[in-house]
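Trainee: This is the structure I want to talk about, given as structure tokens.
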Amino acid sequence: MAIFSRLRWRLKVILREIWVRVTAFGVLGVLTALGSAGFGYLVPPDLGYKMGAGSVEPILKIIATAMLTVTTFSLQIMITAFSSAQTGATPRAIKLMQTDRVTQNVLASFIGSFVFSLVGIIALETNVYDDSGRFILLVVTLGVVAMVVISLLRWVQHLSEFGRLGDVISRVETAASTALKARCERPWLGGKEWEEPPVGVFGITSTRTGHVQHVDMGALQKVAEAHDCRIWLCARPGEFVHGASHLVQCDALPGDTETREEIEEAARDAFTIDHARDYDQDPQFGLIALAEIASRALSPAINDPGTGIDILGRLARVLAEWHPPNSPECVFDRVYVRAVTPEQYTEDAFAAIGRDGAGHLEVALRQQEVLEAVAEMHPDHFGRPAAHQALRAAAHSQSAMTLRRDRAVVAEQAQALAARFAPDLDCNVGHEIDGDTSDRNA
């Protein structure tokens, strides 16, 4: 089953697209409208007349008119929400909003109801239904009306939060947390822990430029087994590759050019490369997106330190999901993969905020507190990286803050954190503190 991992990933990506649900509901509407004519034999001939089945056509016309209007209005709301998220949070969150299931299901139900009513009207005008068929169509129409009412209620409730900054941040946090949990369960993507390749391996470069979205480990394992070799994964999901980048390194000894080209082509086919990163196999991307939201909020144009403080807490919550590798099952024993290090996670999460929030005392202090919390959760792994980021953020604050006392408070916290978790680091982040005796604006 492992060799079908890329197919499963492709199917997962396709099923997230809004057109899939819209098409499915539209086809269901056509089948339901036309199928009602085929079940007329289940109803006594005079029952449809007695139950007022002749009133179904006006109801269908009302549904068709209303659903066309509601769908158009809903699409406008959706586009407005996307635009708001892009300008207020980060463009990297738009993909998460586009795959929102509630939005997709509501729009699909509206379009499906419109198609159902339209097909039903056409069938009625062409005398496809007899009296019994009209009664079946009436019953189904009442069910469609109930579905539309429920969808409208869900949509109204959903719109109270959809596209708001807090909603966008929560979506990114969930995506980052999910990806980090998955990576912790499979730190080497199901392969073997990285070890340096021997002398004589040859690299397989990329023929495309962009970010690695997905790596089919099963396909690489299949290549290694077919040619009795080992493969070292050089480009993990999320990394930027180009024509000179090595995707993998291989220790195969192909006897001819044709065999080598076969290995290279098969290895390249295991990579999905696109212009944008994807959250699924890339936990770093979620951390970077959260940091981007904080950086935008801390910019002089927006000046929202509260959002920066909120993001710092969420970053701590995401990193709390991390745990050391616990000898996970090795499915692809011929593929060697580097794990993402705590240093990389902490830099992705806190470096930008430490720079852009350096001038805000409340943000700088919260960052020191969060870094201390991250270090305390896993001191052996995150202690030194957290101390490094704390000192780095404090150094930024030395040049960004005006008041000497503010610079001193931040520096003291950073130095205390470094002394506790990484005493060998150079803790001198505040030469201005040692040499300054007055505020800079004095």
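Trainee: Taking the chain, how much of its Cα-Cα pair set, in percent, is spaced more than 32 angstrom apart?
Mentor: On the way: 54702 of 97461 pairs.
When all Cα pairs of the chain are counted, 56 percent exceed 32 Å.
Trainee: Mind checking the angle between helix 379-400 and the chain's longest principal axis? C-alpha axes, 0 to 90 degrees, to the nearest 10.
Mentor: Long axis of 379-400 versus the principal axis of the chain: about 80 degrees.
Trainee: Against the longest principal axis of the chain, how steep is helix 283-297, in degrees 0 to 90 to the nearest 10, with axes from Cα atoms?
Mentor: Compared with the principal axis, the helix lies near 80 degrees.
Trainee: What whole-number value in cubic angstrom gives the convex hull volume per residue for the C-alpha atoms of the stretch 69-192?
Mentor: Details: hull volume 19.4 nm³, N = 124.
Cα convex hull per residue, to the nearest whole number: 156 Å³.
Trainee: Output the antiparallel fraction of DSSP beta bridges having both residues in the chain, as a percent to the nearest 5. Don't skip to the end; give the middle numbers.
Mentor: Working: 13 of 18 bridges.
Restricted to the chain, the bridges split so that about 70 percent are antiparallel.
Trainee: What are the semi-axes of the equivalent ellipsoid of the stretch 232-369, taken as the square roots of 5 times the eigenvalues of the Cα gyration tensor, listed largest first and rounded to whole Å? It would help to have the intermediate numbers written out before the result.
Mentor: Values: eigenvalues 313, 60, 22 Å².
Gyration-tensor ellipsoid for the stretch 232-369: 40, 17, 11 Å.
Trainee: Moving on to the next point. Taking Cα atoms, how many degrees apart are the long axis of helix 101-125 and the longest axis of the chain, rounded to 10 and kept between 0 and 90?
Mentor: Roughly 20 degrees between the two axes.
Trainee: From the phi of every residue in the stretch 352-364, what ³J(HN,Hα) in whole Hz does the Karplus formula 6.51 cos²θ - 1.76 cosθ + 1.60 yield, where θ is phi - 60° and glycine or proline is x?
Mentor: Each residue's phi maps through the Karplus curve to give 5, 5, x, 7, 7, x, 5, x, 9, 4, 5, 6, 4 Hz.
Trainee: For the chain, what does the helix formula give at 222 nm: sum of -39500 (n - 2.57) over DSSP H segments with n ≥ 4, over the residue count, nearest 500 deg cm²/dmol? Can you show the working numbers first?
Mentor: Values: 17 runs with 280 residues, N = 442.
Value at 222 nm, helices only, nearest 500: -21000 deg cm²/dmol.
Trainee: Let me ask another. With label points built 7 Å along Cα→Cβ from the Cα atoms of W19 and D274, find their separation and express it in nm.
Mentor: 1.3 nm
Trainee: Counting only protein heavy atoms and using a 1.4 Å probe, what share of the accessible area of the chain belongs to carbon plus sulfur, as a whole percent?
Mentor: Values: 12020 of 21220 Å².
Carbon plus sulfur share of accessible area: 57 percent.
Trainee: On average, how much accessible surface per residue is there in the chain, in Å², for a 1.4 Å probe, leaving out ligands, DNA and RNA? Please list the in-between numbers first.
Mentor: Values: 21220 Å² over 442 residues.
I get 48 Å² per residue for this part.
Trainee: I've got another one for you. Non-local amide H neighbours of V248 (under 5 Å, H modeled in plane, Pro and chain starts lacking H): which ones?
Mentor: Those qualifying (amide H under 5 Å, at least 5 residues apart or on another chain) are I204, C234.
Trainee: Another question, then. Run the quick spin-label model on H242 and L68: label points 7 Å from Cα toward the beta carbon, then report their separation in nm to one decimal.
Mentor: So the two model labels end up 5.2 nm from each other.
Trainee: Using 0.36 nm per residue, how much length does the chain from A320 to C229 gain when fully extended, once their Cα-Cα distance is taken away? Can you show the working numbers first?
Mentor: Working: separation 91, 0.36 × 91 = 32.76 nm, distance 3.78 nm.
Roughly 29.0 nm would be gained on extension.
Trainee: Amide H of W194 versus every other amide H placed in the peptide plane: which residues, excluding those fewer than 5 positions away on the same chain, fall under 5 Å?
Mentor: Those qualifying (amide H under 5 Å, at least 5 residues apart or on another chain) are V337, A339.
Trainee: Binned at 5 Å from 0, what are the whole-percent values of the Cα-Cα distance distribution for the stretch 186-272, short to long?
Mentor: 3, 14, 28, 27, 19, 8, 1, 0
Trainee: Another question, if that's okay. Assuming 0.36 nm per residue, please report the length gained on full extension of the stretch V199 to N428 beyond their Cα-Cα distance.
Mentor: Details: separation 229, 0.36 × 229 = 82.44 nm, distance 4.19 nm.
Full-extension gain reported as 78.3 nm.
Trainee: On a full-extension model of 0.36 nm per residue, what is the gain between D380 and L11, subtracting their alpha-carbon distance, rounded to one decimal in nm? Don't jump to the answer; show the numbers that get you there.
Mentor: Details: separation 369, 0.36 × 369 = 132.84 nm, distance 3.96 nm.
Length gained between D380 and L11: 128.9 nm.
Trainee: Under a straight-distance cross-link criterion of Cα-Cα below 30 Å, which lysines are reachable from K222, leaving out those fewer than 8 residues away in the same chain?
Mentor: K12, K181, K192
The values are calculated or read from the model by the stated rules, or taken from the named source; none is laboratory data. Keep in mind the model is a prediction, meaning the values are calculated, not measured. Methodologically, a virtual Cβ is constructed for each residue, glycine included, from the backbone with ideal geometry; neighbour enumeration extends over all protein chains shown. We work out accessible area using only protein heavy atoms, side chains counted, and drop any ligands, DNA or RNA first. Shrake-Rupley method; radii C 1.70, N 1.55, O 1.52, S 1.80 Å.
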